[in-house]
Amino acid sequence: MLLLVAIPCTVAASATGSSVIVTSHVVVPDVVMPGDIALVHVTIENAVATSTRTESVTHTNILDKSTSESRDVYLVIGSVFLDGRKDIRVLEGNSAFSGVLGPGQSMGLSFLIQAPEKSGIFFPQLRIRVRGGESVIYPIPVNVNVPVYSMKKPTIQVSQSDLPMVAPGETFETELSITNIGESAAQDLLVSVSMGDLMISPVGPASSAAPVLAPGSDLVLPLSLRVGKDIEPGLFDLPVAITYTRVDGSARHETAVCAVDVRGASSLAVSQVRTDPITVSAGEPFDLIIRLENTGTGRANSVSAKIDLPLSGTREAFVGSIRPGNDAPAVFRLNAENDGDIPYAVTARYSDDYGDHELLQPMVLVVRPKGMDGAVIAVVIILVIAGAGYYLYRRRVQG
């Protein structure tokens, strides 16, 4: 008995047996008409990459030695068979594959089937025989002329009451209407307007929420926005973020836009008035030059000017277009018949994106009497000579 006890006892244990799994299956088309042909695509995979074998050697009840060994598992597939179960007729594909699947290796297989002449959901069985392991039976649903249920979903539509036309530096108001035109409610609805990097900022709230927006219901989001003074005119789209939850609990994220049409407003002013020559004398021709400056934020188009001076010559001038911050001259060629201080007005007409405008500016033209310039020069010369003589006399007296 002592000898028997002294004899080592070896116990061997191995890992779980070999396994093959079906990773996917597709029926084309999704819904087969009675008697029609369809394809069934399946993918099988070796789900066990390695196995471990452990050996233990013991004397009496004391463990003296234990060893483990790992090795790759290769599955030997005896057959892959699609059983139509008297309803589905399998035309091609059975026993098309038999062989070995390596560790982690997968294989795609196709079967040509014919649907029965009646409608319904049928479950042919995919049978996989594995040598030395457990066989696999996998049912595949085939829809023969059965309508597929489609979950009713909400559909969110965003519309804007108007397209506001604003000038840089102005504050304007608009509103968004969020309507559920779908077939089910949108839950936990949140709508928010983002300004991004644009020079447009909200004045007050720019978001709205509703716990439930039922089909056919709407949510109104009023907006008050301020446009920066230095923004370039143009059409801007403000991003609108929409989040809600469907009846099945899935979250949805959608986007829309809120449009803003920024157009500059022009404004003309008289920046300078001069004549050529500088001194206007009666009976002589001269040019009256009036410079018009655009102090607004938009282009002034079709600029023209008119004066009501009671003088002969050109009293209307076409200037054209003046960009913001620039000016342009209106030139009038006139003849001064009479001297004196002559009041007059200049009328400038122009247009921009907001319509037609008019500037009326009162002026005064000074016309000297004829020959006045020569007399003035003679008097000046006499005064200069007299002053020089007096200066020399004072020096002589003091000396």
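Okay, here's what the table says:
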| quantity | calculated |
| --- | --- |
| From TYR344, TYR354, residue being closer than 30 Å to VAL166 by Cα, among the hydroxyl-bearing types (Ser, Thr, Tyr) and either surrounded by fewer than 17 Cβ atoms within 10 Å (Cβ to Cβ) or at pLDDT below 90 (or both) | TYR354 |
| Subset of segment 281-335 (residues that are open to solvent by 70 Å² or more (accessible area, probe 1.4 Å) and either part of a strand (DSSP E or B) or touching a Lys or Arg at 6+ places or on another chain (Cβ under 7 Å) (or both)) | PRO285, ARG299, SER302, LYS306, ARG315, GLU316, PHE318, ARG323, ARG333 |
| Residues satisfying the stated conditions in segment 167-179, i.e. crowded, with 20+ Cβ neighbours inside 10 Å and either closer than 15 Å to GLY228 by Cα or acidic (Asp, Glu) (or both) | ALA167, PRO168 |
| Total residues in segment 1-58, condition outside any strand (DSSP E or B), open to solvent by 70 Å² or more (accessible area, probe 1.4 Å), of a type in the set (Ser, Thr, Tyr) and modelled with pLDDT of 50 or more | 0 |
| Filter result for SER208 (touching a strand residue (DSSP E or B) at 6+ places or on another chain (Cβ under 7 Å), part of a strand (DSSP E or B) and hydroxyl-bearing (Ser, Thr, Tyr)) | yes |
| Residue within segment 265-272 that is within 21 Å of ASP230 (Cβ to Cβ), surrounded by fewer than 15 Cβ atoms within 10 Å (Cβ to Cβ) and out of contact with any Phe, Trp or Tyr (no Cβ under 9 Å at 6 or more places or on another chain) present | yes |
| Residue match in segment 247-263 (condition: farther than 30 Å from LEU365 by Cα, open to solvent by less than 70 Å² (accessible area, probe 1.4 Å), in contact (Cβ under 8 Å) with a residue 24 or more places away in the chain and over 19 Å from the mean Cα position of the chain (by Cα)) | no |
| Residue, most open to solvent (accessible area, probe 1.4 Å), within segment 206-219, restricted to residues that are of a type in the set (A, V, I, L, M) and over 22 Å from the mean Cα position of the chain (by Cα) | VAL212 |
| Qualifying positions in segment 155-166 - in a loop (DSSP other than H, G, I, E, B), open to solvent by 70 Å² or more (accessible area, probe 1.4 Å) and either at pLDDT 90 or above or acidic (Asp, Glu) (or both) | ASP162 |
| Considering residues of segment 68-104 that are polar (S, T, N, Q), part of a loop (DSSP other than H, G, I, E, B) and at pLDDT below 85 only, the residue surrounded by the most Cβ atoms within 10 Å (Cβ to Cβ) | SER98 |
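Here's the yes/no breakdown for (1) basic (Lys, Arg); (2) surrounded by 15 or more Cβ atoms within 10 Å (Cβ to Cβ); (3) out of contact with any Gly (no Cβ under 9 Å at 6 or more places or on another chain); (4) modelled with pLDDT under 90:
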site: VAL191; (1), (2), (3), (4): no, yes, yes, no
site: GLY196; (1), (2), (3), (4): no, no, yes, yes
site: GLY204; (1), (2), (3), (4): no, no, yes, yes
site: PRO222; (1), (2), (3), (4): no, no, no, no
site: LYS229; (1), (2), (3), (4): yes, no, no, yes
site: PRO233; (1), (2), (3), (4): no, yes, no, yes
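The values are calculated or read from the model by the stated rules, or taken from the named source; none is laboratory data. Predicted, not measured: the structure shown is a model, and the values here were computed from it. Positions of Cβ are generated from backbone atoms using ideal geometry, with glycine treated the same way; all protein chains shown enter the neighbour counts. Ligands, DNA and RNA are stripped out before the accessible areas are found, and what is left, the full protein with its side chains, is counted by its heavy atoms. Shrake-Rupley method; radii C 1.70, N 1.55, O 1.52, S 1.80 Å.
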